[in-house]
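The values are calculated or read from the model by the stated rules, or taken from the named source; none is laboratory data. Values in this document were obtained by computation on a predicted structure and should not be read as measured data. FYI the Cβ positions are ideal-geometry reconstructions off the backbone, even for glycines, and counts take in every protein chain you see. For the accessible areas, the whole protein counts, side chains as well, though only heavy atoms, and no ligand, DNA or RNA atoms are used. Shrake-Rupley method; radii C 1.70, N 1.55, O 1.52, S 1.80 Å.
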Amino acid sequence: MTDANSGALFERAQRVMPGGVNSPVRAFKAVGGHPVFIREARGPYLYGADGAEYVDYVGSWGPMILGHAEPSVIQTIARTAALGTSFGAPTEGEVKLAETLVEALPSMDMVRLVSSGTEAVMGALRVARGFTGRDLVVKMEGGFHGGADYLLVKAGSGLATLGVPDSAGIPADVAKTTLTLPYNDLTAARALFEIHGARIAALIIEPVAGNMGCVPPEPGYLAGLRTLTQEHGAMLVFDEVMTGFRVAYGGAQLLYGVAPDITTLAKVVGGGMPLGAYGARREIMSKIAPIGPVYQAGTLSGNPVAVQAGLATLAKLKAPGFYDKLDALGARLEKAFVDGAKKAAIPLTVQRVGSMLTPFFVDGPVRSWTDAARCDTARFGRFHGALLAQGVYWPPSQYEAGFISIAHDEAAFEHTERAVFAAFKTL
Ligand code: PMP
């Protein structure tokens with residue numbers, strides 16, 4: 001160990017970066033203590049600045065589905081980087097990744113590659129507005145779609161964590177273009193479209209919500225939204241930044257059998273490098289510059305290293321039984337939470353779709369942000385601290401999903417199960 005410890009690094013960090021971090025949830029504000037500064041990561045493990053080992057369930061907030069530093073991905077990145085890291089000109093890799101994505105998601109004929117989920121969502125909603133000629137966007141309370149001004153309204157993820165669902169710095173006229181709905185409430189959606197339907201360009205939704213904790217869609221909900229948006233000529237946008245290639249190779253749209261008009265992707269498709277994508281059928285994507293009037297551009301879009309990291313990752317996901325294995329790992333972790341809470345007589349609801357899951361410290365199901373807001377976040381904070389003390393790195397917020405990778409092996413699980421049981425006893 002040559003580094004200063006995380007506490008000392010956090011002191012330094014706070015002098016030069018707001019809250020000492022470059023993305024708010026990393027600051028551990030919701031759970032107390034200081035963040036662990038990471039030195040390196042391998043397989044299911046993170047190593048802190050002080051050398052401590054943690055079983056990781058954050059997975060860089062979703063991308064690391066193969067585990068950290070997966071050898072074939074790292075070799076690909078190194079080989080590609082040695083040939084130059086950015087050209088600002090097209091590459092064959094971009095074509096291959098675009099072909100791979102449209103093959104995996106039949107709702108898309110074409111994609112545009114960008115550098116983050118935020119950018120993917122902004123492009124998707126711009127083309128939805130350009131295509132429909134309408135201004136309004138509908139999102140879910142507790143839904144998070146990245147940092148665009150008009151989407152930081154009743155938002156989940158870090159905003160829910162910090163209790164500031166509406167960001168400062170957003171012009172009122174911009175916020176007015178966003179309407180919100182409770183998740184899993186088709187009646188409310190119908191009522192909203194009854195009033196505003198003719199002015200709504202798009203309804204954007206995480207088909208499995210992940211940013212208020214893991215909240216699956218109820219049976220018929222996504223199909224109901226599909227019908228409703230179609231009836232009103234609005235675009236249905238599935239934000240699959242988190243769920244794409246995570247809950248199934250073809251994303252939540254394959255899992256639930258509902259095809260959106262437009263899809264956004266990031267996280268897994270970039271294999272841990274900065275990459276996002278948005279795609280739709282040809283008629284919609286043909287509105288995008290240089291073949292259409294909707295402008296969107298990026299210096300590092302389709303970055304050659306990111307594209308190859310994505311391709312190397314997606315290739316591994318095609319292994320037979322990959323998602324069944326991930327699902328079994330998810331079930332095992334779910335059972336550890338459920339059994340641990342039961343033994344300690346602590347009210348807990350675990351919600352899971354495959355390898356994304358959240359232990360909600362509340363009695364009864366969480367169907368929407370209203371339900372999620374009832375959670376005992378103080379108890380979650382103690383649980384988080386107890387896990388961390390025992391070498392398990394869980395997302396530092398009640399309102400996030402934990403992610404399991406295919407690299408989570410028997411040793412990692414046994415460690416986790418012991419830690420989970422012990423943590424519940426301390427609550
Ligand atoms: N959409 C969803 C569903 C997300 O979970 C996130 C990030 N957690 C984003 C968009 C934004 O993606 P990025 O952080 O890559 O900009």
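Loop only by DSSP, 16 or fewer other Cβ within 10 Å of the Cβ. Give me the chymotrypsin sites (Phe, Trp or Tyr not before Pro) in the stretch 54-150 that pass, ordered by residue number.
Passing both the DSSP loop test and the Cβ count: Phe87.
Any chance you could check the Cα centroid distance between the stretch 1-75 and the stretch 338-354 for me, in angstrom?
When both Cα centres are located, 26 Å separates them.
What figure in square angstrom, to the nearest 10, would you give for the accessible area of Met110 with a 1.4 Å probe?
Met110 has an accessible surface of roughly 60 Å² with all protein chains in place.
Can you give me the P(r) profile for the stretch 1-150? Cα pairs, bins 5 angstrom wide beginning at 0, each as a whole percent.
All Cα pairs, binned at 5 Å, distribute as 2, 7, 10, 13, 16, 16, 14, 11, 7, 3, 1, 0 percent.
So which residue, out of Gly156, Gly272, Gly88, gets the largest mean-square fluctuation from a GNM of the chain using Cα contacts under 10 Å as springs?
Ranking Gly156, Gly272, Gly88 by mean-square fluctuation puts Gly88 first.
Please list 3J(HN,Hα) in residue order for the stretch 23-35, calculated via the Karplus relation 6.51 cos²θ - 1.76 cosθ + 1.60 where θ = phi - 60°; whole Hz, with x for glycine and proline.
7, x, 4, 4, 6, 6, 4, 6, 10, x, x, 10, x
Relative contact order for the stretch 71-317 using alpha-carbon pairs under 8 Å, separation at least 6, rounded to a whole percent?
Computed value for the stretch 71-317: 30 percent relative contact order.
Quick check: at a probe of 1.4 Å, how many percent of the accessible area of the chain sits on carbon and sulfur atoms?
55 percent
What list of whole percents do you get for P(r) of the stretch 203-243, with Cα-Cα distances grouped in 5 Å bins up to the one holding the largest distance?
Spelled out per bin, shortest first, that is 6, 23, 30, 24, 12, 5, 0.
Short version: ³J(HN,Hα) in whole Hz for each residue of the stretch 390-400, in order, from phi by Karplus 6.51 cos²θ - 1.76 cosθ + 1.60 (θ = phi - 60°), x for Gly and Pro, what are they?
9, x, 10, 9, 9, x, x, 7, 4, 9, 9
Lys/Arg Cβ at +1, Asp/Glu Cβ at -1, dipole of the stretch 122-273 taken about the Cα centre: which of Pro219, Gly272, Gly163 is farthest positive-ward?
Final value for the positive-end residue is Gly272.
If I take all pairs of Cα atoms in the chain, what percentage of them are more than 32 Å from each other?
Tail of the P(r) past 32 Å holds 35 percent of the pairs.
Would you compute, from DSSP H runs of 4+ residues alone, the mean residue ellipticity of the chain at 222 nm, taking -39500 (n - 2.57) per run and dividing by the full residue count, rounded to the nearest 500?
-11500 deg cm²/dmol
Does the stretch 347-396 come out rounded, prolate or oblate, given a ≥ b ≥ c as the square roots of the eigenvalues of its C-alpha gyration tensor, rounded meaning a/c under 1.5 and, failing that, prolate meaning a/b above b/c?
Oblate shape, in that a/c is at least 1.5 and b/c is the bigger or equal ratio.
For the chain, modelled as a Gaussian network with Cα springs under 10 Å, which listed residue fluctuates most, Gly210, Gly298, Gly59?
Gly298
Output the pairs from Lys29/Lys325; Lys96/Lys318; Lys287/Lys318; Lys176/Lys267 with a Cα-Cα distance over 25 Å in this structure; if there are none, say none. Walk me through the numbers before you get to the answer.
Numbers: Lys29/Lys325 34 Å; Lys96/Lys318 15 Å; Lys287/Lys318 32 Å; Lys176/Lys267 29 Å.
Among Lys29/Lys325; Lys96/Lys318; Lys287/Lys318; Lys176/Lys267, the Cα-Cα distance tops 25 Å for Lys29/Lys325; Lys287/Lys318; Lys176/Lys267.
At q = 0.12 Å⁻¹, what is the log10 ratio I(q)/I(0) for the stretch 105-247, with the Debye formula run over Cα points and no solvent?
-0.45
Above 32 Å lies some portion of the pair distances; for the stretch 71-317, what is it as a whole percent of all C-alpha pairs?
Cα-Cα pairs in the stretch 71-317 separated by more than 32 Å: 18 percent.
Please give the per residue accessible area of the stretch 71-317, computed with a probe of 1.4 Å over protein heavy atoms only, in Å². Kindly include the intermediate steps, with their values, before the conclusion.
On the way: 9370 Å² over 247 residues.
Accessible area per residue, the stretch 71-317: 38 Å².
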